[in-house]
Amino acid sequence: MKHDLLRIQNRLSSSKPHTRKRGTVRIETEKPLSSPPVFVVDDDASIRRALTRLIKSAGYRVNTFASAREFLDSGCHNDGPGCLVLDVRMPGLSGLDLQREMQNANLLLPIVFMTGYGDIPMSVKAMKAGAVDFLPKPVKDIDLLRAIEQAVARSVHDRAERDELKDIQRRVEKLTPREREVMALVVRGLLNKQIAFDLGTVEKTIKVHRARVMKKMQVGSLAELVRVAEKVGIPPKNEQ
């Protein structure tokens, strides 16, 4: 009987998600297979190997690159949400140079900087440009994993926001010029008869246009229409 209980306990404990402890902090190491990747860019091969082991142990997929240029040329940063762990000082393109190039290309990939030569002005510059964190080498495991978790969460959120914006813009493109005019006036709070007067038509026609706008924009209420319109700047703030 005692042996049977032990077997059951072992089976139950083996089915629980594996975790790692760093001090008093508990870090989950079991991530979904679709977990966003972490890209590591550092010119030191030993650091790349060490970071790969650490980050993989937390359940993330890891891709490593020996230079900023190699990372840019790979094109993998366009595949979806993710996080970039980036050394500041490297031959050729530096980490800060890469951050600037990514901003110019509108690449939404949060960056966690690492450096053994950082100073306050450098860290302030990186953070103002949108970096998630700026960590001194040697980086503490728990600090890096926390920063990566924060960066991945931001990346998922930013990607969802951008995808939603693109979807709304596609809906707007389906509207006729007249429907866009009606939509702009509707979200400003005008009544159908007021819109009809402004556009030189009759209220019945405006009701038809308004119904088509609601259908094409895939919304079920005025509040929803106002929300999606604001996302794409309809109407412009100077016209509100």
Sort Ile55, Ile168 by Cβ crowding within 10 Å, fewest neighbours at the top.
Ile168, Ile55
Excluding same-chain pairs closer than 8 in sequence, count the lysine pairs in segment 174-239 whose Cα atoms lie under 21 Å apart.
13
Whole-angstrom Cα spans of segment 40-132 along principal axes, big to small:
33, 29, 24
How big is segment 90-129 in terms of Cα radius of gyration and Dmax, in angstroms?
10.3, 28
Calculated log₁₀ intensity ratio I(q)/I(0) where the Debye formula runs over C-alpha points of segment 174-239, q = 0.14, 0.19, 0.21 Å⁻¹:
-0.35, -0.66, -0.81
Can you classify segment 88-161 as rounded, prolate or oblate using the Cα gyration tensor, where a ≥ b ≥ c are the square roots of its eigenvalues, rounded means a/c under 1.5, and otherwise it's prolate if a/b beats b/c and oblate if not?
oblate
Rounded to one decimal in nm, the spacing of the 7 Å Cα→Cβ label points at Glu173 and Glu161 is 2.3
With contacts defined as alpha carbon pairs under 8 Å and 6 or more residues apart, what's the relative contact order of segment 86-168 in percent?
27
Kindly state, to the nearest 0.05, the FRET efficiency for Val124 paired with Glu149, given R0 = 22 Å and r defined as their beta-carbon distance.
0.40
Over segment 18-159, what is the mean sequence separation of C-alpha contacts under 8 Å (at least six apart), divided by residue count, expressed as relative contact order in percent?
22
Can you pull out the trypsin sites (Lys or Arg not before Pro) in segment 107-201 that DSSP calls coil and that have at most 16 other Cβ atoms within 10 Å?
Lys140, Lys174, Arg188
Output the antiparallel fraction of DSSP beta bridges having both residues in segment 18-159, as a percent to the nearest 5.
20
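Read the figures in this text as sums done on the coordinates, not as results from a lab. On a predicted model such as this, the values are computed, not experimentally measured, just so you know. Because the Cβ atoms are built from the backbone with ideal geometry, glycine has one as well, and the counts that use them run over all protein chains shown.
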